[in-house]
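The values are calculated or read from the model by the stated rules, or taken from the named source; none is laboratory data. Every value quoted in this text rests on a predicted model; they were computed, and no experiment measured them. Here the Cβ positions follow ideal geometry from the backbone for every residue, glycine too, while neighbour counts run over all protein chains shown.
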Amino acid sequence: MNFKKTALASAIALALAGGSILAETTTVEGAFILDKTTVRGGDIINLSLLGLNSAGEVDLFGEQKGAVIIATVRSEIGTIIGGDTNPGEQASEEVSGGNFAADVKYVKLTQGTGRVHIQYEAETEGTDSIEVILQERVANPSGGVNFIEIDRTTKTVNVIQASSSNPLGLDITAFIPSASDTRGKTDCIGYGGVNESCAERDDDGNIISMMKPNDGITGAMTAGKEGARIFVEAINPIAVGDVTVTLRKKEGMTNQCPQQGDAEPISYTARMQKGLAIVTIDSKVIKAGWYYIEAKFTDLEGQQPFDGNSVDLFYSDTVMVEGTGIPSGLALCADKTVVAKAEADTNGVFPTGQVSQGTKIRAVVVDEYGNITSNNSGADIRVNVQDANGIFSNTALNLTIPDGATETVATDESGPGTDSIVGNAANEIAMIGTTSLTATAVDSAGTALTGIDPSAPLELKVVADSLQVTAVAQDTALGIKEFNTSQLAGTEFDAFTVYITDGKGNVRVDSVTGKPADPGAVTITTSAGEKLTVNRKNESPYHVQALFKTATDKGTYLLGDALGNFGQIIVNVAETDPIRTARGITEAGILPAAATVVELQNAHGTKRDTVNPGPISNEEKFETSLYEASFKMFDEYGNSVTGVQPLEEDDTGTFRISSANAAQVIHPTRGYGIPGRVEATGQGEVAKVIYDTDGEGAFAGEDTIQVTFTKPGLGVDGLAVKTTVPKPHTQATIKSYIENNTLPVNSVVAMTVELTDETGSPFSGATEAFVTFEINSDTSGFTEGATIVTPQVSEIYWEDVQDRPEIKCKEAGGIFDDSTAKTNGSLFIGTCKEVREVGVTNNTNLNFTPVDPVERSKARVTPPSSKVFAINAGATEGQFSLTFYNSGDPEGEKETRVFTVSKKLIDTTDEPTCNTNGDLWSADSEKCTVLPKSNTATGVDASGNPITTNASFKGGVQVGAVGINQSDVISIVGDLPVNVIFAGSVTFDEDDIGKTVDLVSAVIYNLAFPLSGSLYYDLTGPNKLDIWDGSPASLSAYGEPVEIKADALTVTMPLYNGPFTADDVVPGTIKVYLGYRLSDGAVKFGAVPITLDLNP
């Protein structure tokens, strides 16, 4: 008995009796179609994943029996967008083999279709190998799941180096704090896209308005909190390069408690792709205060093709870094360093003059980084101030930091003895010496609070005598003016009368001269922190003169002596000049001197001599804007002359601009500009230079804008501002991209349409670009007699959906942004990128304009100069065409692509590749037809016991010129004679590599009424059909024995190619089985036969 053939016969009998074995799904093969196979670094390709049934159609019902079809997609050098990182619901699940060292995603097919997008970084260059494995996930009766491979393929994508491009301009368009940052503040400008975080929404979260004024960014974040994102966009939507974003701390306030100091600039670099870069802030930003946000661009070669940065001339981009809000310690401050100890007179009366001015003591809450923060404990914090040296009375202060406040207040600030000043009431200062004050946070019982560290010791010098200071009064005889009005920087003036008093307030007199005692060198410090050391005149009226160079609008002055022997005095001088008080100047500070320098500065105070133009939307023009407020004037000491608003012509004069190459020069409404002026509304008027980029007056290149001023001290040269007008781009070519023009029935595939300029680069610029789209307007490429079908076409884009639960995001096939995640109970809530499709109808004008506010409301998977379309081929075999052309030139060049909708894909590969894939090559047409594949391979061992196998089999029958199918039907009367082709192929199980096997093919002809029974044949080679007696022992091998090799796992089996006539056949069913037989008697075969029904 030959057990090898007995086993095969038993398996065939089972197939005849019960149908196919292990048939969990009707999906038997896959079709995987790319839009582009050659891309630039920074681009995205789209991969359509299709599961096909035995008829070669997209299998709409492959999951109807509970099966799950999963496509595993792996890219060596790309990043896969879409899909999931887990193949199933159980962590233990594993999918079919392959090298998954690179990016891998798992896509669950729905009604036979799925898609992923693969993005390549801008610096990527080389060949990407994309492996796709289609598998069925089925339940295992013993628990868990199994994966059965259906099909696999490898796609090759050529990635060429992206050419860097000039961004034309940069803008900070959004600051979005970490989702967990409770003190963060989001701010955006412009329209939509990533900026939907700032969209106006109704109560249900629906977007009402996307428009945001382009008035700069004002964000906020918590110190040390990582995860905030800064979005930088280029005018050029295809710009590629590196963007460096720097956070530069603005100058801190003087006399702050504690003095916060400066912070080193902190820089971050991110890759810009398609005109967008996103920088993520780490935990290095720890110093509280306002920071400027500035971005610069460098191309991939390290050069700077763009001479400028993101900083606007008028609107600044800033972020406020707040303290953490978590008290970590206290800091103790005083407004003086030397304090006099006032003494009561012989009658016990405590003095009320300057000698008892004392010093104000403040304690503030600081976080772990030393930033001033707020008390968020939910209750007031008592602060116990103790002096380790016993100089200050430990009961002199009764301070509290109220809930939500940052610094202390006294229990009663109404006056001496209960306020926060020490030294203005009796017994608050015990003795002369140096203090060591420490502030401690305590509870109501006086016990120190845990988690809030005491302050560092504060040293104050307490002395017996004090200075006595008054602002100089007018003395007509001596020609001295009263110091009751602001003084000009650089001008010497009589400032203060200075005496020494004892602790009771009595002026001390020199015992030798009889004159008021000389304090020696006197220091005067302004609120701007400028400190001046001068000697007092030792003759009446005992004045000190001052000459300050730093402007300040505050009239507060701190006077002391250089040696620190006398108590310091704070003097406030009010402004009395009615002209100045009318303009809001209330204190006698230091005013800037006359303007001698003018600069063009950006909103962050940096000098600029170039200003880049911006495009005028939907016009072939560029404009360079010069704000009045951007022209800053300074005196010879560096003080801003343009700082006090609102400025008038008499303050800073006027300016006018001119250009030899401009199409138009526009001044503010008054006909000239006022340097430094800001309107009361906070807006600034603008002088503009307009450039045409088309027509007779067109200009491109570097231009010099001359700015002339009328202010006398500025000289006659004025300023020369450089601006570079880019060359205009013109729409030249429309190209469409899809890997295959033959589409399976019911398929949904992606196609990219790209608009290029005259250089062959993706179209960019402000010029309008509309493309007309038509369906079936051009039928010249159709096959004669073909059925014309109409597909459904839609545009694909991504949309940010806010506050979407992670599970819902994934259910919708979206991409959950972990950086925005926050918890809501047991759910993770965050931003979900979901694919949206908008239907496109015949004869539609599509907007390809790169700089377009409406289009920027969509976060596209491609640059605005290209679009991705989803094409639903429909359920009918036939042909259709899609045509694209310049809407402004209907008679010009058109891009037309003709598609064939078929039950079988026509492969575009050559004969060797066709044979390697196990498909049918036609020498006449030189085309490859993909054979249907059965995923129901099985096997038996020599004893007839079932075994599993990873072998796969393809096979089909072609009747006439109709496509090849796994099963087909012939009408003997109506269809014959006709040529019939049977063909198949075997892909061996990898476990059998190195073994020698026999190919086998059995043919069973089941006769129909009025006949009965079956006829048996075997095939020993192409068209070599021998009668078989049905005995397994006599079944012959197909061809010669085959040694299975790793590099040749697939062999084709041409079975039959010849005519069927009415004289040759009778009604019935022909079933053809394919398999191979191992030397140990095991047989592996396809359980689903190639079937041809012969009807009467």
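The criterion of being under 30 Å from Ile432 (Cα atoms) and among the hydrophobic types (A, V, I, L, M, F, W, C) holds for Ile570.
So for region 613-623 (the condition being more than 30 Å from Asp692 (Cβ to Cβ) and out of contact with any Cys (no Cβ under 9 Å at 6 or more places or on another chain)), does at least one residue qualify? The answer is no, given that none of the residues of region 613-623 is more than 30 Å from Asp692 (Cβ to Cβ) and out of contact with any Cys (no Cβ under 9 Å at 6 or more places or on another chain). Residue count for region 604-619 under the criterion of being surrounded by fewer than 19 Cβ atoms within 10 Å (Cβ to Cβ) and either in the same structural domain as Leu547 (by TED's automatic domain parsing) or not in a strand (DSSP E or B) (or both): the result is 9. Quick one: is Ala334 over 52 Å from the mean Cα position of the chain (by Cα) and crowded, with 18+ Cβ neighbours inside 10 Å? When the stated conditions are applied, Ala334 does not pass them. For first residues located in region 568-591 and closer than 30 Å to Val462 by Cα, partners that are part of a helix (DSSP H, G or I) and lie 6+ apart or on another chain with Cβ distances below 7 Å form the pairs Ile569/Gln354.
Yes or no, residue by residue, for (1) assigned by TED's automatic domain parsing to the domain that holds Lys341; (2) farther than 18 Å from Ile569 by Cβ; (3) at pLDDT 95 or above:
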| residue | (1), (2), (3) |
| --- | --- |
| Ala489 | no, yes, yes |
| Glu492 | no, yes, yes |
| Val498 | no, no, yes |
| Ser511 | no, yes, no |
| Pro516 | no, no, yes |
| Val522 | no, no, yes |
| Thr525 | no, no, yes |
| Ala528 | no, yes, no |
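Taking region 899-932 as the range and being assigned to a strand (DSSP E or B) and at pLDDT below 85 as the test, the residues that pass are Ile906, Asp907, Ser922, Lys927, Cys928, Thr929. At least 3 residues being aliphatic (A, V, I, L, M) and closer than 18 Å to Thr153 by Cβ is the threshold, and among the strands (runs of 3 or more DSSP E) wholly inside region 31-77 those reaching it are 44-52, 68-75.
Listed by position, the strands (runs of 3 or more DSSP E) contained in region 626-717 that have at least 1 residues being β-branched (Val, Ile, Thr) and crowded, with 20+ Cβ neighbours inside 10 Å are 655-658, 686-692, 701-709.
Count of region 466-518 residues, restricted to those that are over 30 Å from Ala426 (Cβ atoms), among the small types (Gly, Ala, Ser) and within 60 Å of the chain's Cα centre (by Cα), is 4.
Note on region 407-441: residues that are loosely packed, with under 15 Cβ neighbours inside 10 Å and within 16 Å of Ala379 (Cβ to Cβ) total 1. Please tell me if Ala551 is crowded, with 20+ Cβ neighbours inside 10 Å, farther than 22 Å from Asp502 by Cα, outside the structural domain of Tyr292 (by TED's automatic domain parsing) and within 55 Å of the chain's Cα centre (by Cα). Yes; evaluated as a whole, the condition is true for this residue. Out of Asp968, Asp991, one residue alone is exposed (fewer than 14 other Cβ atoms within 10 Å of the Cβ) and acidic (Asp, Glu). It is Asp991.
When every residue of region 1044-1051 is checked against the conditions, none turns out to be more than 60 Å from the chain's Cα centre (by Cα), modelled with pLDDT of 90 or more and not hydrophobic (A, V, I, L, M, F, W, C).
For Thr948, the conditions (1) over 38 Å from the mean Cα position of the chain (by Cα); (2) polar (S, T, N, Q); (3) buried (at least 16 other Cβ atoms within 10 Å of the Cβ) are fulfilled apart from (3).
Residues in region 500-512 that are surrounded by fewer than 21 Cβ atoms within 10 Å (Cβ to Cβ) and either among the charged types (D, E, K, R) or out of contact with any Ser or Thr (no Cβ under 7 Å at 6 or more places or on another chain) (or both): Asp502, Lys504, Gly505, Asn506, Arg508, Val509, Asp510, Ser511, Val512. Taking region 220-249 as the range and being more than 16 Å from Ser310 (Cα to Cα) and crowded, with 23+ Cβ neighbours inside 10 Å as the test, the residues that pass are Met221, Thr222, Ala228, Ile238.
Right, Ala363: within 17 Å of Ala439 (Cβ to Cβ), surrounded by fewer than 17 Cβ atoms within 10 Å (Cβ to Cβ) and of a type in the set (A, V, I, L, M, F, W, C) or not? Considered against the rule, which asks whether it is within 17 Å of Ala439 (Cβ to Cβ), surrounded by fewer than 17 Cβ atoms within 10 Å (Cβ to Cβ) and of a type in the set (A, V, I, L, M, F, W, C), Ala363 comes out as no.
Restricting region 483-499 to residues that are buried (at least 16 other Cβ atoms within 10 Å of the Cβ) and of a type in the set (Ser, Thr, Tyr), the residue that is farthest from Thr550 (Cα to Cα) is Tyr499.
Scanning region 554-579 for residues that are modelled with pLDDT under 95 and within 21 Å of Thr352 (Cα to Cα) yields a total of 0.
Taken together, Gly564, Gly584 contain a single residue that is small (Gly, Ala, Ser), more than 24 Å from Thr337 (Cα to Cα) and surrounded by fewer than 17 Cβ atoms within 10 Å (Cβ to Cβ), which is Gly584.
Look at (1) over 20 Å from the mean Cα position of the chain (by Cα); (2) surrounded by 18 or more Cβ atoms within 10 Å (Cβ to Cβ) and you find that Asp299 fails only one, number (1).
Just one residue in the set Thr896, Thr876 is part of a loop (DSSP other than H, G, I, E, B), within 45 Å of the chain's Cα centre (by Cα), at pLDDT 85 or above and hydroxyl-bearing (Ser, Thr, Tyr); that residue is Thr876. Just one of the numbered conditions (1) at pLDDT below 90; (2) in contact with a Lys or Arg (Cβ under 8 Å, 6 or more places away or on another chain); (3) not small (Gly, Ala, Ser) is not true of Glu696: (2). Looking at region 439-452, can you tell me whether even one residue there is β-branched (Val, Ile, Thr) and either in the same structural domain as Ile500 (by TED's automatic domain parsing) or not in a loop (DSSP other than H, G, I, E, B) (or both)? Looking through region 439-452, at least one residue is β-branched (Val, Ile, Thr) and either in the same structural domain as Ile500 (by TED's automatic domain parsing) or not in a loop (DSSP other than H, G, I, E, B) (or both).
Going by what's in this entry, would Ile1004 be described as in a strand (DSSP E or B) and at pLDDT below 90? No; evaluated as a whole, the condition is false for this residue.
Across region 53-65, the qualifying residues are those that are modelled with pLDDT of 90 or more and among the aliphatic types (A, V, I, L, M), and the one among them that is farthest from Pro744 (Cα to Cα) is Leu60. Counting only residues that are of a type outside the set (Val, Ile, Thr), at pLDDT 90 or above and in a loop (DSSP other than H, G, I, E, B), region 310-321 holds 3 of them. Out of Ile391, Ile372, Ile421, one residue alone is outside the structural domain of Thr222 (by TED's automatic domain parsing), more than 23 Å from Val339 (Cα to Cα) and touching a strand residue (DSSP E or B) at 6+ places or on another chain (Cβ under 7 Å). It is Ile372.
Going by the conditions given, is Val665 aliphatic (A, V, I, L, M) and in contact (Cβ under 8 Å) with a residue 60 or more places away in the chain? The answer is no for Val665.
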